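To start, the structure itself, in structure tokens.
The values are calculated or read from the model by the stated rules, or taken from the named source; none is laboratory data. Values in this document were obtained by computation on a predicted structure and should not be read as measured data. We place every Cβ from the backbone using ideal geometry, glycine too, and count neighbours over all the protein chains shown.
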Amino acid sequence: MDPSSPDAHDWIRQELVKPEYQAAKPTWFDLVWKAVGDGLAALFQGSGGDAGPVLLAVIVLIVAGIVVAAFFVFGRPRVNRQAAASRRAVLGGVDARTAQELRSAAAAAARAGDWALAIEEQFRALAVGLDERTLVSLSPGTTATEFAARAAAAVPEEAETLREASRAFDDVRYLDRPGTESRYQLLVALDQRLQTRRAAPPAVLT
């Protein structure tokens with residue numbers, strides 16, 4: 001076949017679009033890395049002995065960029081996963097939902113008239129919400145009573161209501177007692193108040 005003929009050109013184009021040729025093409029990462037390497041090489045060759053400080057600054061910027069990118073890509077999700085995992089054994093259940101997801105589940109159960117489930121989900125929402133705001137620290141195995149005590153230390157004006165909320169949770173969760181709308185509404189109101197509260201300042205010793 002004549003290499004200069006139209007048929008030869010068509011054959012070459014068809015051949016080059018085959019997967020094995022496309023796979024051999026450099027990726028955008030390869031191109032960026034090559035550009036960085038070429039720039040550093042030019043810096044070495046063109047600046048002579050004066051390249052040291054400039055090269056160091058370039059390397060520091062590149063490393064800093066990689067660290068920042070790695071933090072946002074890998075670091076933050078890892079923290080979220082660890083925080084979610086720490087809540088999985090909290091309050092007698094396996095759960096990694098957010099406070100807002102738990103509130104939605106509680107509201108759905110309330111609309112269905114399942115007050116026991118609504119109370120359980122709403123109490124979890126309350127606990128996880130305070131944990132997300134770092135007002136109370138939850139750990140695997142934390143009970144409703146322990147959570148109420150920790151929360152009362154952070155928000156002492158709600159201590160009695162928190163104890164009542166923990167009793168409502170224990171009643172439906174462990175004692176199989178029927179939930180009531182009034183107890184569910186108590187939890188909802190408490191959760192709404194706590195969303196606007198700040199932790200009590202530490203006592204000043206004199």
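Provide a single number: the residues in the range 116-139 that are closer than 12 Å to VAL188 by Cβ and touching a Gly at 6+ places or on another chain (Cβ under 7 Å). Result for the range 116-139: 2. LEU190 passes every criterion in (1) modelled with pLDDT of 95 or more; (2) surrounded by fewer than 19 Cβ atoms within 10 Å (Cβ to Cβ) apart from (2).
Reported count of residues in the range 130-160, each being buried (at least 18 other Cβ atoms within 10 Å of the Cβ) and either part of a loop (DSSP other than H, G, I, E, B) or of a type in the set (Ser, Thr, Tyr) (or both), is 5.
Close Cβ contacts (under 7 Å, 6 or more residues apart or on different chains) running from residues in the range 165-189 that are without any contact (Cβ under 8 Å) to a residue 60 or more places away in the chain to residues that are assigned to a loop (DSSP other than H, G, I, E, B) and not hydroxyl-bearing (Ser, Thr, Tyr) comprise ASP171/ARG177; VAL172/GLY179. Is one or more of the residues making up the range 163-180 over 21 Å from ALA107 (Cβ atoms), aliphatic (A, V, I, L, M), modelled with pLDDT of 95 or more and part of a helix (DSSP H, G or I)? No.
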